[in-house]
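The values are calculated or read from the model by the stated rules, or taken from the named source; none is laboratory data. Keep in mind that this is a model prediction, so the values were computed, not measured. Glycine also receives a Cβ, built like all others from the backbone with ideal geometry; neighbour counts cover every protein chain displayed. What goes into the accessible areas is simple: the full protein's heavy atoms, side chains included, and nothing from ligands, DNA or RNA. Shrake-Rupley method; radii C 1.70, N 1.55, O 1.52, S 1.80 Å.
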Amino acid sequence: MGSSPTKAADNIYCKARYRAASFNDRLYSREGAAELLGVSVSTLSDYELGTTKFVPPDRIVRMADLYNAPELLNHYCTNECPIGCRNVKKLEVAELDRLTLKVLSAFKNINNIKDTLIDIVADGVITGDEKPQLEDVLNALEKISQYAQELKLWAEKNLN
């Protein structure tokens, strides 16, 4: 493979390998990466060209570790895993300042969320008119959870 891939240029696995090559020269080539991953060059090529329908999860874990690309795990779960596709949210890999603003924005209404939740569950019954309020609370908590996971992803990637 030359210094710049053409067919695989938009592939997440190829992009991650090329970013990782900045700290490990062996990753500039598929040959070097394949050796480090314990797969054949043609297998890695299939992953990077998207010709393989299914990349085994253990290979995704190896690539994520070797390339310092924990976002590959989220990509696998949200795009390839039949269970994860239904339950795991796609995470954005963003800079720390942007993540911090998202987290702080989600927390600015935390007291209202807390008060609303207390009001809804205080009597032990969720009435029809409380259901939309509960959905709002759950959506706000989902945002907080997602932003916390994005911050965790940033930390895994940048504090190793």
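Quick notes on this one:
- Breaking point among (1) open to solvent by 30 Å² or more (accessible area, probe 1.4 Å); (2) among the small types (G, A, S); (3) assigned to a loop (DSSP other than H, G, I, E, B), for A94: (1)
- Of all residues in the range 51-70, those that are open to solvent by 40 Å² or more (accessible area, probe 1.4 Å) have Cβ atoms under 7 Å from Cβ atoms of residues that are among the β-branched types (V, I, T), 6 or more apart or on another chain, in R59/V39.
- Any hit, the range 142-159, residues being part of a helix (DSSP H, G or I), of a type in the set (D, E) and touching a Pro at 6+ places or on another chain (Cβ under 8 Å): yes
- Odd one out for D123 among (1) in contact with a helix residue (DSSP H, G or I) (Cβ under 7 Å, 6 or more places away or on another chain); (2) surrounded by fewer than 12 Cβ atoms within 10 Å (Cβ to Cβ); (3) not hydrophobic (A, V, I, L, M, F, W, C): (1)
- Any hit, the range 50-70, residues being polar (S, T, N, Q) and at negative phi: yes
- Residue ID - most open to solvent (accessible area, probe 1.4 Å), chosen from residues in the range 11-41 that are more than 17 Å from the chain's Cα centre (by Cα) and β-branched (V, I, T): V41
- For the range 131-148, a tally of residues being more than 15 Å from N112 (Cβ to Cβ), out of contact with any Lys or Arg (no Cβ under 9 Å at 6 or more places or on another chain) and open to solvent by less than 60 Å² (accessible area, probe 1.4 Å) returns 1.
- Within the range 131-147, residues that are within 18 Å of K102 (Cβ to Cβ) and in contact (Cβ under 8 Å) with a residue 24 or more places away in the chain sit with their Cβ atoms under 6 Å from residues that are open to solvent by 50 Å² or more (accessible area, probe 1.4 Å) and outside any helix (DSSP H, G or I), at 6+ positions apart or across chains, in these pairs: Q146/K89.
- Subset of the range 71-91 (residues that are of a type outside the set (A, V, I, L, M, F, W, C), open to solvent by less than 70 Å² (accessible area, probe 1.4 Å) and touching a residue at least 12 places away in the same chain (Cβ under 8 Å)): E71, N74, H75, Y76, T78, E80
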